[in-house]
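> Here it is: the structure, laid out below.
The values are calculated or read from the model by the stated rules, or taken from the named source; none is laboratory data. Quick caveat, the model's predicted, so the values are computed rather than measured. Cβ placement follows ideal geometry from the backbone for every residue including glycine, while neighbour counts extend to all protein chains displayed.
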Amino acid sequence: MRPTSSVSVAIVGAGYTSAALLTHLLDRRPDVAEKIAVFGKGSFGHGAAFGTLHPDFRLNVRAQIMQLRPAKPDLFPIWAEACLQDEGAYCEAGQFYRRADFARYMDYELSELPHNEDVNFIRQQVISVRYEHSLAKWHLRTDTGDEYTALMLILATGNPEPNWPCPIERACLQHDGHLLIKSPWTGSWLHDCDPEKTVLLVGGGLTAMDTVYALGKAGHRGNIHLVTPLGILPPAQTGWVPAEAIKWPDDISSASAFIGFMAGHLKQQPQCLWTDSEWQSRFEALRVHLNPVWRRLPAAEKRRLMVHLGGAWSLTRYRSAPQTSQMAAQMRSSGQLVLHTGRVNQISVGKRGKSFSAYLCSGQLLNTNIIVNCAGIGRDPLLAAMIADHVIQADAFGWGPQLADNLQLYSGDGHPYPSGYGIGAMTAGSEGDVVGATTIARQAASLAHHLTDSL
């Protein structure tokens, strides 16, 4: 039996969320670096969003909005101007750099952190966590069989690997990673993609838009079919400017009241479309104070709100880079890109010489050579296990943890842990709009401030 190692602070996750938290912790308390252990594989700070090496996956917001330190919003634009040569980033709405180049920026920032060499980076995946109340310690086990105890636990697991949103016939899986692309973010599959083949994209959000753009830049000539529930694509980002934040009423307690208030503000100037700068400015002004309203909603109303607004909100919230949107428009105009409204219910072995047959909920059949999963639907196995074992309490959707004040994890019996926290995208079900780099960085700064005196 292997001996158990002890650490003071265990940060579980090695992506952008973990790096943002470490940045703000060491900005405040560089002396605590030696107390911190970061668990996770891959390049630290990159994660799924920025870990791609493919040059045609771009950020969907302009450089000024990518803020690791929100109090200093110009750091990334200044670094980019000095260190990058990317003429394709420039457009009327701003500079939309490559995702891989933001990862380079993260490497630079992390290398400059005081005492960063004292942080213990453990390149292992945590697969189980439990809390021992009598000793006030967390017990962690990794995929290598190693075990650790920690006085403080911070879950920062980021976005999980996506799952297929529909059943897949077993015979299709022999093409996994080559013609059947479960996770397109690495971009490696694009190098082997036959430009004459038909491609089906399952999902119509930013992942699909990035994939369309990358295929277009690669000179793809085959047809591209895109299946999305609402039958529309995200609008392009404009050069919108921040407007005065809109204060939400304190008495919103239902999904209908939430939708009514939001719609009322967005429709004050009905001539504006969601592709207009003024409309996008107004939408962003609504987002500023949205999360407290979300947190006050009962669990049932949160679920109702997602049923009625979730799809439209995602399209509106996650607008695409203008370059990406322009490519999609050109492909649609030429007839190469075809949108289908609905969902894919089943993927089976193909007919008529095609690799796959995709059955849509409408009854339509699409025969295709390549299928790319752009649905972005996934569930973190560690969180799922902790919820199933009643180590933590689930949010209203069962996606992630329900959190108390100061991002504290709830135990399975509903009591906040004194030394357990959650941060990042996995907290969206509990906390609201926590997905973008800047929003996560603000959350990291807040948690670092709360933890300063206890480390």
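> For the range 340-388, give me the residue count where each residue is in a loop (DSSP other than H, G, I, E, B) and closer than 30 Å to residue 130 by Cα. Step through it out loud before you land on a result.
Initial filter on the range 340-388 (in a loop (DSSP other than H, G, I, E, B)): 342-343, 350-355, 361-364, 369, 374-380.
Now narrow it down to the ones that are closer than 30 Å to residue 130 by Cα: 376-380.
So the answer is 5.
> Please indicate, with yes or no, whether at least one residue in the range 107-119 is within 26 Å of the chain's Cα centre (by Cα) and among the small types (Gly, Ala, Ser).
Here is the first cut: in the range 107-119, the ones within 26 Å of the chain's Cα centre (by Cα) are 107-113, 116, 119.
Next cut, among the small types (Gly, Ala, Ser) only: 111.
Among the residues of the range 107-119, at least one is within 26 Å of the chain's Cα centre (by Cα) and among the small types (Gly, Ala, Ser), which makes the answer yes.
> Report, ordered by the first and then the second residue, all pairs with beta carbons closer than 6 Å, sequence separation of six or more or different chains, a first member in the range 185-199 that is under 11 Å from residue 52 (Cα atoms), and a second member that is part of a helix (DSSP H, G or I) and among the aliphatic types (A, V, I, L, M).
Hits for this filter: 185/48.
> Under 8 Å between Cβ atoms, which residue pairs at least 6 apart in sequence (or on different chains) link something in the range 203-219 that is free of Cβ contacts under 8 Å to residues at least 40 places away in the same chain with a partner that is of a type outside the set (A, V, I, L, M) and part of a loop (DSSP other than H, G, I, E, B)?
Final answer for the pair search is 215/193; 219/195.
> Kindly provide the set of residues from the range 224-245 that are closer than 12 Å to residue 342 by Cα and either in the same structural domain as residue 60 (by TED's automatic domain parsing) or in a loop (DSSP other than H, G, I, E, B) (or both), ordered by number.
229, 230, 231, 232
> Going by the conditions given, is residue 256 among the hydroxyl-bearing types (Ser, Thr, Tyr) and closer than 24 Å to residue 307 by Cβ? Full working, then the answer.
Numbers: among the hydroxyl-bearing types (Ser, Thr, Tyr): yes; closer than 24 Å to residue 307 by Cβ: yes.
Yes.
> For the range 327-353, which positions are farther than 21 Å from residue 218 by Cβ and touching a residue at least 60 places away in the same chain (Cβ under 8 Å)? Give the derivation first.
Initial filter on the range 327-353 (farther than 21 Å from residue 218 by Cβ): 340-353.
Residues satisfying the conditions are 340, 341, 342, 343, 344, 345, 346, 347, 348, 349.
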